[in-house]
Amino acid sequence: MEQEFWQARWRENRTGFHEAAPNSLLTRHFPALGLTAGQSVFVPLCGKALDLDWLCAQGLRVTGVEFNEGAVEEVFARQGLTPEITRAQGLIRYQAGDLTLFAGDFFAVAAAHLGAVDAVYDRAALVAVMPEERAKYAAHLNRITGTAKQLLIAFSYDQSLMDGPPFSVPGQAVEALYRDTHRVTLAQERAADGRIGKLCNAQEQAWLLTPLS
Ligand SMILES: C[S@@+](CC[C@H](N)C(=O)[O-])C[C@H]1O[C@@H](n2cnc3c(N)ncnc32)[C@H](O)[C@@H]1O
């Protein structure tokens, strides 16, 4: 989607995607990636998700990217951190301790911004991308993270029942995007909460992506 679409949602407080607690598919399935304290996780299209705080609490180095600067600032404020703010090739880099968030466009993030990435956590990021941009999103994500292993949380539903975002990303789409680079395993599927659950009987799915080589 266009940047202005998302900035308007933040301005108008239409952030129903934001959850009041860390996503329970994250807390349940992230350990399967086998990361240890000090390793790094990249969170694309991170919003101000409490998932970031949970990942930080695991002792991980956490890096995210998000269009909205207010959301980025809120994450540091609620953790009681005062970030150092610098310009970084088209992005604004906020950094304090093991938390680094870039305000700006995901597609402007280069591998050099991130350094080594041990894992990716995608919740409501792939599903926020226009279907015709998905292949570009997945290829860019693989490029900047060195095809890291990934926990991906997505929705699957009948797209004729609702306009996205969030868009439906059914299992075949996840496979098509990542099967050349990862082994794709469905870790859990459950009825989605909220509007998308009520309107479209959506399923929320947790996928584990393991690099092929
Ligand atoms: C559906 S929300 C999900 C946010 C977060 N992952 C969560 O679980 O709450 C998608 C977020 O991605 C941001 N976004 C969308 N496209 C982006 C892009 N190209 N670069 C950076 N952020 C983007 C939006 O501003 C929005 O906050």
Notebook entry, point to check: Quick one: would you say Leu126 is open to solvent by less than 50 Å² (accessible area, probe 1.4 Å) and either away from the ligand (no atom under 12 Å from the Cβ) or more than 22 Å from His182 (Cα to Cα) (or both)?
Noted result: no
Residue count, region 156-213, condition closer than 18 Å to Ala124 by Cα, in a loop (DSSP other than H, G, I, E, B) and of a type outside the set (Gly, Ala, Ser), comes to 11
Note on Leu50: of the conditions (1) within 16 Å of the ligand (Cβ to nearest atom); (2) open to solvent by 10 Å² or more (accessible area, probe 1.4 Å); (3) touching a Gly at 6+ places or on another chain (Cβ under 9 Å), unmet is (3)
- Message: Any residue at all in region 102-115 that's over 20 Å from Thr145 (Cβ atoms), open to solvent by 50 Å² or more (accessible area, probe 1.4 Å) and more than 16 Å from the ligand (Cβ to nearest atom)?
- Response: no
Counting only helices (runs of 4 or more DSSP H) entirely within region 20-137, those with at least 2 residues that are among the polar types (S, T, N, Q) are 24-29
Of the candidates Leu151, Leu141, Leu186, the one satisfying the condition of being in contact with a Pro (Cβ under 7 Å, 6 or more places away or on another chain) and either modelled with pLDDT of 95 or more or at positive phi (or both) is Leu141
The condition of being over 22 Å from Gly104 (Cβ atoms), open to solvent by less than 50 Å² (accessible area, probe 1.4 Å) and within 11 Å of the ligand (Cβ to nearest atom) holds, among Leu26, Leu33, only for Leu26
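The values are calculated or read from the model by the stated rules, or taken from the named source; none is laboratory data. What you are looking at is a predicted structure, and each value in this text was computed from that prediction instead of being measured. A quick note on method: Cβ atoms are made from the backbone with ideal geometry, for glycine too, and the neighbour counts reach across all protein chains shown. Note: areas computed on protein heavy atoms with side chains; ligands, DNA, RNA excluded. Shrake-Rupley method; radii C 1.70, N 1.55, O 1.52, S 1.80 Å.
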